[in-house]
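*Asks:* Sharing a structure with you now.
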2 protein chains.
Amino acid sequence: MGTVLVMWPVVLPGTMATPPVTLRIVLTLYDAARCPYCARVRIVLAEKGVEYEAIEIDVSDRPAWIYEKNTTGRVPVLEEDGWLLPESAVIMEYLEERYPEPALLAADAAERALARLWIFRHDHLTKPYYALRRGEEGAGDRLDQELAKLDAALEARPWLGGAAYGLADAAYVPWLLRMRDMLGVPLDPFPALVDWLDRLLDRPAVAAEAVVVAAL
Amino acid sequence: MGTVLVMWPVVLPGTMATPPVTLRIVLTLYDAARCPYCARVRIVLAEKGVEYEAIEIDVSDRPAWIYEKNTTGRVPVLEEDGWLLPESAVIMEYLEERYPEPALLAADAAERALARLWIFRHDHLTKPYYALRRGEEGAGDRLDQELAKLDAALEARPWLGGAAYGLADAAYVPWLLRMRDMLGVPLDPFPALVDWLDRLLDRPAVAAEAVVVAAL
């Protein structure tokens, strides 16, 4: 955190008298430990071994300048050499294209579409999650229904996107960790989901997020 | 419409006695003329010259079986050899990958991200659009504010995604046509947007949608 990485060298044309100049292009993440959308981006950056500078935003008391980075004022926002990109789903796709290795989307177009469909429909899970946090009546039951759907999907396939771990898993696990560890939602009724979460936590990128959640 | 296309030949292994069999893989779109989300998919299919079978769904009185195609009951749904894909934003990406030519996303990752950001945030425009349709107070003003943002973006760049026409333009134009031609929203205050719409309507894939809207 707070450190700067050489992302890729940009060589500007030199002259006889001045040798080529190598610039350091800096990747910055406007971040919040408690924000599960930020967690998606942290996981993808960690999986790909991309170093970056993280600037922690207090989402309970957002600084005015964050609206200059993102008109909605929300995090995460990725900044790269002055270029700004908000929205975790869009940032994940961008990082996948900019840093293709290790791949977090399958090569097959149909599997890629399945992963994107999970990401697109994440609100099926997150709506009852936030309703539960607000203490809405019936939210626990609605959340359980969605957890049962995830469980059924993970009984049929090892990972949300299909045969391999990838963006869809990274896109969901931040809410699973928070509902298990902060909201006390019992996951035992969903054994395939528990098994998936265990396999995810074997990955250092995801295990680091469990540490973040424990410190919240 | 209603016709079947050879998508790509699938050759099944034959024997000495039986030569290889070539199957026809059929692409089906569960479609609705009035649905702007379906229009996105129709435009992309037309741009790429992909033939398909369209099955019109009465969205005012959905058949029970559409819920077997998509648990939400919504269109569009793409079906390919029994495989089902809902959600227009996901379908557009799938078609872009399956039929790369002509490209509707730029080669550059940052431009691709910009196009995806527009698509991801389409509800900034569609929320006030549907509020206006429902006759909500103040909806027209909120819609005008979003149209002004589109106009400013199109003053800075010829197309929503940047230098070239693509998925972001296809993703927005269905609502623009409907608000202009069905809701009577004046677009004259937004000259860059009007110019963009004119350039879009020069494209046969988009012009065909204006005909669909005129017949609604």
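The values are calculated or read from the model by the stated rules, or taken from the named source; none is laboratory data. Owing to the predicted nature of the structure, the values given are computational and were not obtained by experimental measurement. Here the Cβ positions follow ideal geometry from the backbone for every residue, glycine too, while neighbour counts run over all protein chains shown. These accessible areas exclude ligands, DNA and RNA; they are computed on the full protein's heavy atoms, side chains included. Shrake-Rupley method; radii C 1.70, N 1.55, O 1.52, S 1.80 Å.
*Asks:* Please provide three numbers in whole Å: the alpha-carbon extents of the protein assembly as shown along the principal axes, with the largest listed first.
*Replies:* Taking the Cα atoms of the protein assembly as shown, the three principal extents are 60, 59, 57 Å.
*Asks:* Using only Cα atoms, what is the ratio of the radius of gyration of chain B to 2.2 N^0.38 Å?
*Replies:* Compared with the compact-globule rule of thumb, chain B sits at 1.12.
*Asks:* What would the Debye formula give as log10 I(q)/I(0) at q = 0.14, 0.15, 0.17 Å⁻¹ for the alpha-carbon point model of region B:109-214, no solvent?
*Replies:* With one equal scatterer per Cα and no solvent, log10 I(q)/I(0) is -0.52, -0.60, -0.77.
*Asks:* What nm distance separates the two modelled labels at B:Glu80 and A:Leu201, each placed 7 Å from Cα along Cα→Cβ?
*Replies:* Each label point is offset 7 Å from its Cα along the Cβ direction, giving 3.8 nm.
*Asks:* Over 5 Å intervals from 0, what percent of Cα-Cα pairs in region A:22-98 sits in each interval?
*Replies:* Whole-percent P(r) values from 0 Å outward: 3, 16, 30, 28, 15, 7, 2, 0.
*Asks:* Let me ask something else about it. Report, for B:Asp202, each distance to the same residue's label point in the other copies, shortest first and in nm; define the point 7 Å along Cα→Cβ.
*Replies:* 5.7
*Asks:* Right, next: Of B:Tyr99, B:Tyr67, B:Tyr52, which has the largest mean-square fluctuation in a 10 Å C-alpha GNM of chain B?
*Replies:* Sorting by GNM fluctuation, first place goes to B:Tyr67.
*Asks:* Hand me the GluC sites (Glu not before Pro) from region B:25-93 located in a DSSP loop with no more than 15 other Cβ atoms within 10 Å, in residue order please.
*Replies:* Answer in residue order: B:Glu51.
*Asks:* Using only DSSP helix segments of four residues or longer, with each worth -39500 (n - 2.57), what per-residue ellipticity at 222 nm results for chain A after dividing by its residue count and rounding to 500? Before the final figure, lay out each step's value.
*Replies:* Values: 9 runs with 105 residues, N = 216.
Dividing the helical sum by the residues of chain A leaves -15000 deg cm²/dmol.
*Asks:* Compute the distance from the alpha-carbon center of region A:26-92 to that of region B:97-140, in whole Å.
*Replies:* 21
*Asks:* If you don't mind, another one. Quote the FRET efficiency, to the nearest 0.05, computed for A:Leu187 versus A:Ala163 with a Förster distance R0 of 22 Å and r equal to the Cβ-Cβ distance.
*Replies:* 0.40
*Asks:* Does anyone have the angle between helix B:109-120 and the longest principal axis of chain B? Alpha-carbon axes, 0 to 90°, nearest 10?
*Replies:* Approximately 70 degrees, to the nearest ten.
*Asks:* Output, in nm with one decimal and in ascending order, the distances from the B:Asp81 label point to the matching label points of the other copies (7 Å from Cα along Cα-to-Cβ).
*Replies:* Sorted ascending, the copy-to-copy spacings read 4.1 nm.
*Asks:* Residues of region A:106-124 that become at least 40 Å² less accessible with every protein chain present than in their own chain isolated, using 1.4 Å: which are they?
*Replies:* A:Ala109, A:Ala110, A:Ala113, A:Arg116, A:Leu117, A:Phe120, A:Arg121
*Asks:* If you don't mind, another one. Between copies, how close do the B:Arg133 label points come, placed 7 Å along Cα→Cβ, listed in nm from shortest?
*Replies:* With the label placed 7 Å along Cα→Cβ, B:Arg133 yields 3.0 nm.
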